Amino acid sequence: MADQYARTGEDRCPSGIPVLRWEELPGGPALVLLDQTRLPAEEAELVCPDPSALVEAVRSLAVRGAPLLGIAGAYGVALAAARGFAVEEAAAELAGARPTAVNLAVGVRRAHTAYRDALAESGDPGRAAAAALTAARALHREDAEASARMAGHGLALLDELLPGGGHRILTHCNTGALVSGGEGTAFAVALAAHRAGRLRRLWVDETRPLLQGARLTAYEASRHDMAYTLLTDNAAGSLFAAGAVDAVLIGADRVAADGSVANKVGSYPLAVLARYHHVPFIVVAPVTTVDPGTPDGGSIEVEQRPGCEVTEVTSPWVRKTGAGGGIPVAPLGAQAYNPAFDVTPPELVTAIVTEEGAVSPVTAEALVELCARSRQVTMS
């Protein structure tokens, strides 16, 4: 089990929020995470001394967001190696903790490959553990750099599509520093617009049932003094009808080879609304989120979350009384449909913005070229 303690204020990401760090503790190394289930009521950290504690943190959403899950997965492999756990088993358990988020498996695989290669070369478990940690730290650094490049490319695209500034951007779920080694994906673009004086309003979808928009995106927006307004998910249609949305910016947990995008449930309805109202629908995600091994949207495994997340409301402020640890809002025994994600087809996506640039229109051929360009940049 992970241990919880108050934050120290050290090792913060660029936005000033402590999200994830490797720590050498007296009892051995550990991965320290900002517990996102406690936000915004409390900034508290979880200490994960072993891979099983990290898996629990991933499944409980204490740590979340596709890019950050990849980083956490890589550090998890390094943690297993440094602590003397069975690395193969830990890697498999970590990679499967949240099946839709492809970055998690990518991060695990990167550190695991570094570990196996070093072990085969040297036969020294200590040297292999160090190699896994080096790979995790490199991924962490690269994600921060990718975040900055995505923000630049995204802002340039917004300015091209919406000349004159004064952007009114609608976003869904949370895509800021809480999901990244840097300042995020879609949120980083909105933040760049804010810093450039070109953001008029950030519309923040509440994002039911776990309120990542209300709890996390609003938390980040307030820290940056952004002009933002929170709305319930089902109020988005009235905003579009009023002509109050200039662009939709979301992240992604997986992009299939054909350009289908899996993101937090509620994204697909926004894409349909955006298309009807002739509003750009833009996905911002690192190239590692593109999965050539998933041919189309129908092939994406969509994680099903516990029904109690729908039948109960959780709050870090209120005493929990329900069977699932929340406040019951539905009759006892009510069944709930609770997919964590939905899938938006490529024809509804105006552009996918990555650290290597924007893809528009979104086609399988364009994504193949993007991934090839990314590999060339990585190898050079």
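Just so you know, all these numbers are worked out from the coordinates, no wet-lab data involved. Model, not experiment: these values are computed from the prediction. Every residue, glycine as well, gets a Cβ built from its backbone with ideal geometry; the counts of neighbours run over all protein chains shown.
Remarks
- Low-density loop positions, trypsin sites (Lys or Arg not before Pro), segment 129-237 - DSSP coil, at most 12 other Cβ in 10 Å: none
- Here r is the Cβ-Cβ distance between GLU89 and ASP117 and R0 is 22 Å; the resulting FRET efficiency, rounded to 0.05, is 0.70.
- Only beta bridges with both residues in the chain are counted; by DSSP, about 55 percent of them are antiparallel.
- Separation in nanometres of the label points that stand 7 Å from Cα toward Cβ, at ALA364 and GLU42: 5.0 nm
- Highest to lowest packing among 103-114, 251-262, scored as the average C-beta count within 10 Å: 251-262, 103-114
- Two-site label geometry, ASP159 and LEU25: point separation in nm, points 7 Å out along Cα→Cβ: 4.6 nm
- Under the span-like rule (Cα at least 15 Å along the axis, Kyte-Doolittle mean at least 1.6), DSSP H helices of the chain: none
- Build a GNM of the chain with springs between Cα atoms under 10 Å apart, and of ALA236, ALA146, ALA177 the one that fluctuates most is ALA236.
- The length gained by stretching the chain between GLN304 and ARG198 to full extension, at 0.36 nm per residue less their Cα-Cα distance, is 34.4 nm.
- Measuring nothing but how far apart in sequence close Cα pairs (under 8 Å, 6+ apart) lie, relative to its length, the chain scores a relative contact order of 14 percent.
- For the options ALA151, ALA74, ALA227, a Gaussian network treatment of the chain with springs between C-alpha atoms closer than 10 Å singles out ALA227 as fluctuating the most.
- Cα shape, segment 3-143, gyration tensor, a/c 1.5 rule: prolate
- Highest-first packing order for the peptide set 79-88, 351-360 is 351-360, 79-88, based on the mean count of other beta carbon atoms within 10 Å.
- Cα-Cα separations in the chain greater than 37 Å, expressed as whole percent: 17 percent
- Fully extended contour minus Cα-Cα distance, from ALA242 to ARG275, at 0.36 nm per residue: 10.4 nm
- Formal net charge of residues neighbouring PRO269 (Cβ-Cβ distance under 15 Å; K, R +1; D, E -1): -1
- Taking a Cβ cut-off of under 14 Å around LEU231, the surrounding Lys, Arg, Asp and Glu residues balance to a net charge of 0, with basic ones at +1 and acidic ones at -1.
- Each peptide in 202-211, 179-188 gets a packing score, the mean of other Cβ atoms within 10 Å over its residues, and the list from highest to lowest is 179-188, 202-211.
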